[in-house]
1. Can you tell me which residue in the range 167-182 is nearest to S10 (Cα to Cα), limited to those that are open to solvent by less than 10 Å² (accessible area, probe 1.4 Å) and in contact with a Gly (Cβ under 9 Å, 6 or more places away or on another chain)?
2. Limited to the range 261-275, what total is found for residues that are touching a strand residue (DSSP E or B) at 6+ places or on another chain (Cβ under 9 Å) and not charged (D, E, K, R)?
3. Only residues that are over 12 Å from the mean Cα position of the chain (by Cα), outside any loop (DSSP other than H, G, I, E, B) and of a type outside the set (S, T, N, Q): list them for the range 277-293, please.
4. Just to be sure before I move on: is Y123 in contact (Cβ under 8 Å) with a residue 12 or more places away in the chain, open to solvent by 60 Å² or more (accessible area, probe 1.4 Å) and among the aromatic types (F, W, Y) in the structure I sent?
5. Those residues that are surrounded by fewer than 16 Cβ atoms within 10 Å (Cβ to Cβ) and not in a helix (DSSP H, G or I), I need them from the range 238-258; list them, please.
6. For the range 132-148, how many residues are open to solvent by 30 Å² or more (accessible area, probe 1.4 Å) and either closer than 18 Å to Y107 by Cα or part of a loop (DSSP other than H, G, I, E, B) (or both)?
7. Determine if the range 164-179 includes at least one residue that is over 12 Å from the mean Cα position of the chain (by Cα), of a type in the set (K, R) and over 20 Å from L324 (Cα atoms).
8. Return the residue satisfying two criteria in turn: it lies in the range 283-326 and is among the charged types (D, E, K, R) and open to solvent by less than 10 Å² (accessible area, probe 1.4 Å), and of such residues it is farthest from V145 (Cα to Cα).
Amino acid sequence: MKELLKKLVSVFGPSGNEELIRESIINEIEGFADEIRTDVMGNLIAVKKGTGSKIMLAAHMDQIGLVVTFVDENGFLRFAPAGGFSVTDLINRKVIFKNGTVGVVSYESEIKEIKDITLNNLYIDIGAKDKDDALSRVNIGDAAVYYTPFAENGTRCTSCAMDNRASCALLIETLKNIQTCLHEVYFVFTVQEELGLRGATTAAYAIEPYAAIAVDVTDTGDTPKSLPMAVKLGAGPAVKVFDQSVMVHPAIKNLMKEKAEKYNIPYQMEVLKAGGTDSGAIALSKSGVPTGCLSIPCRYIHSDSEMVDISDMENGVKLLLNILQDGIKIDK
């Protein structure tokens, strides 16, 4: 699992530019799915065929990015955020473009206080001599992502793009390890989640699943003086109750809890005050889909150094496998 995660977080794939990460995931799952296809939006859909009802498992493969909007005469790049960025998380961080060009995000020198900096005061320095030099390396509309090496300390791993490559790794391992299943399972690696759950919206509409579980990362409350939250690293995957995009269907929530307890899998309960996941879009598809969400605890979300615990991911795989093995039946 750790080597797979290390591989996935290193692949370029901001929202709207998921081609490389999609190909990387295809290479991992070939031979394990009965059908692999890409839809019009760019979602990657791997099907494990069966005679039972359709179950959709979703994890978004895009990461937050910066899109070039303007290049000044001195070769400095202005940008728009594609996803949720904090100004303080961006300052003096390295970013990389698809072609390998590396830059540093900094801010206008006339700004004296960090608190006064906005996204409009930031720029990317790629070391260009002037505008023409810069445009020989990048173009308007090109996207960049955080550029951070993968690091590990025991079971704790740190990198950019844990959101949401950690969940992609979890789904890949689930697909690879299915032995028996009462359902036809759709493993969907979605696009453009960071821009408003866009890929999940169209994928769920087309698949029309009987039930669904999204997998994503979630905040923790286990760092010094953090906001109170009953989720911490290493205590197991979290069963979502609520976030800003979804009120989880009680039957799915209870099913996830019951299976975790039945198979002695550690788990936590999650109430997320801000943010959302693909579960929100799936739940509202057509006439509605009973939808849950399995969350991987993650510190420092949307920074260049997100931290997860491999054991939470491994236990997430165990939970999904047992849910699929025993079957999902919803009393709607």
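1. S167
2. Of the residues in the range 261-275, 6 are touching a strand residue (DSSP E or B) at 6+ places or on another chain (Cβ under 9 Å) and not charged (D, E, K, R).
3. G280, A281, I282, A283, G292, C293 - these are the residues of the range 277-293 that are over 12 Å from the mean Cα position of the chain (by Cα), outside any loop (DSSP other than H, G, I, E, B) and of a type outside the set (S, T, N, Q).
4. Numbers: in contact (Cβ under 8 Å) with a residue 12 or more places away in the chain: yes; open to solvent by 60 Å² or more (accessible area, probe 1.4 Å): no; among the aromatic types (F, W, Y): yes.
So Y123 does not fit the description; no.
5. Answer for the range 238-258, where residues must be surrounded by fewer than 16 Cβ atoms within 10 Å (Cβ to Cβ) and not in a helix (DSSP H, G or I): F242, Q244, M247.
6. Residues meeting the conditions: 8.
7. no
8. Here is the first cut: in the range 283-326, the ones among the charged types (D, E, K, R) are 286, 299, 304, 306, 309, 312, 314, 318, 326.
Remaining after also requiring open to solvent by less than 10 Å² (accessible area, probe 1.4 Å): 306, 309, 312.
Values: E306: 14, D309: 23, D312: 26 Å.
The extreme case among them is D312.
The values are calculated or read from the model by the stated rules, or taken from the named source; none is laboratory data. If you're wondering where the values come from, they're calculated on a predicted model, not measured in any experiment. Reconstructed Cβ throughout: ideal geometry from the backbone, glycine too, with neighbour counts over all protein chains shown. Side chains are part of the model used for accessible areas, which takes the heavy atoms of the whole protein and leaves out ligands, DNA and RNA. Shrake-Rupley method; radii C 1.70, N 1.55, O 1.52, S 1.80 Å.
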